Each structure stands twice: as C-alpha cells, then as structure tokens.
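So the structure is just underneath, and the comments pick up after that.
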C-alpha cells in the first residue's frame, strides 16, 4: 500500500476493516483459504454464484491490500495458487467470532 493510499484510509478502525473484508465474496474467500492454498478453479467451485470476473476482481483487490498472495507457476497450462498472507490469517478470530454469533443467532 502506498503512502497516499494509507493517507486516504478512514480513521475509524471498523470502517478500515469493512473496506478490506466487507463484502460477501472476500469473507468467503478468506474462509476457504483458511484451510490452505487453493487454485482459482477450486475457489470458484466453492463460491457458488460468483462469476469469473468478480472472483478475479476480488482476488486482485485482496492481493493488493496484502491479505492474500498469488503464486504463478511457469507451466502449460498456467497454474496459479492463492493463499492467505500472515495479515490474512490474522483475520481468523474475526471469522470465528462471526461463526459463534451466527450459531447463537440461529438458536434464538
């Protein structure tokens, strides 16, 4: 992230977090990558309803923000793998808390 991008970030921590992970696909991508490295096709299959274009856009944005890493293997056909960075893995407690909240909500 550039200095200009950091200066344009909101001052509210919740708003920063929502900006990074605050859409349906990003949360689900993180959920899937918490179990390990995945290829594009594996992610697309797991995320029912996501288009190739949207998944590509979300992965690029998450890579740019430092949440995931993308590794390209020089072979034919091309092989690309995605995994969470240390920063991305640090979101696990947030997803765990969301799961606990949803379970409690479901029980009401």
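The values are calculated or read from the model by the stated rules, or taken from the named source; none is laboratory data. Owing to the predicted nature of the structure, the values given are computational and were not obtained by experimental measurement. Cβ: placed from backbone, ideal geometry, glycine included. Neighbour counts: every protein chain shown.
Numbers below:
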{"item": "Candidates 69, 65 - the one that is at pLDDT 95 or above and buried (at least 16 other Cβ atoms within 10 Å of the Cβ)", "result": "69"}
{"item": "Of the criteria (1) at pLDDT 95 or above; (2) out of contact with any strand residue (DSSP E or B) (no Cβ under 6 Å at 6 or more places or on another chain); (3) at negative phi, which one residue 36 fails", "result": "(3)"}
{"item": "Residue check, residue 51 without any contact (Cβ under 8 Å) to a residue 40 or more places away in the chain and over 13 Å from the mean Cα position of the chain (by Cα)", "result": "yes"}
{"item": "In the range 54-86, the residues that are farther than 27 Å from residue 17 by Cβ and part of a loop (DSSP other than H, G, I, E, B)", "result": "74, 75, 76, 77, 78"}
{"item": "Count of the range 74-92 residues which are loosely packed, with under 10 Cβ neighbours inside 10 Å and modelled with pLDDT under 95", "result": "5"}
